[in-house]
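The values are calculated or read from the model by the stated rules, or taken from the named source; none is laboratory data. Note that the coordinates shown come from a computational prediction; the quantities given were computed from them, not determined experimentally. Heads up, the Cβs are rebuilt from the backbone with ideal geometry, glycines too, and the neighbour counts pull from every protein chain shown. Just so you know, the surface numbers come from the protein's heavy atoms only, side chains and all, with ligands and any DNA or RNA stripped out. Shrake-Rupley method; radii C 1.70, N 1.55, O 1.52, S 1.80 Å.
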Amino acid sequence: MRVFLVGFMAAGKSRIGRRMARDLGWPFLDLDSDIAEREGQPVADLIVERGESWFRERETAALERCAAVDQAVIATGGGVFTLERNRRLIAELGTSVWLDPPWEALSRRAQQSHKRRPLFETPDQARALYESRLESYRQADLRVQTRGTERKRDVAAEVIRRLGLGGARVF
């Protein structure tokens, strides 16, 4: 089984994904990290220098490489699930899980983060982008709403439980 974590930037996909993988004893893959390593530059720089559409092509290629791994937790970038071809590919390869904290938590995390986020230049720009992506995120196989304040181990355990992979309800 492959579990693809989808959702907006700063939703916790990488942090929760790492924890889920550890708890399940599965590999963890981070598509942004994979692309950055292959290209030799941080994702933010790639988006600024080469454009978002170029970057989206790299994300699709990274998704295609996931077929080589039978069992994994995979953190996707915030825009991966907005493209129909990527949603189809994810559906063919595994299960999509939308991590859905409230906007206020996403905004706070992104602004506190030291990560450069070229698609989050201003809160208003980011809010408009978030709202434009909601319909795509709603197409995920599973939606896990959080308050945005839970410990990553609790959210990871809840996702694992809701996927039927074991564990007790934690929130």
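Data for the structure
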{"quantity": "Kirkwood Rh and Cα Rg combined as Rg/Rh, the range 20-171", "calculated": "0.94"}
{"quantity": "Carbon and sulfur %, accessible surface of the chain computed with the full protein complex present, 1.4 Å", "calculated": "45 percent"}
{"quantity": "The chain, accessible area per residue, ligands and nucleic acids excluded (1.4 Å, Å²)", "calculated": "50 Å²"}
{"quantity": "13 Å beta-carbon shell around Leu29, net charge (K/R +1, D/E -1)", "calculated": "-2"}
{"quantity": "Shape of the range 1-108, Cα gyration tensor, a/c cut at 1.5", "calculated": "rounded"}
{"quantity": "Ranking by accessible area, most exposed first, for Asp141, Asp70 with a 1.4 Å probe", "calculated": "Asp70, Asp141"}
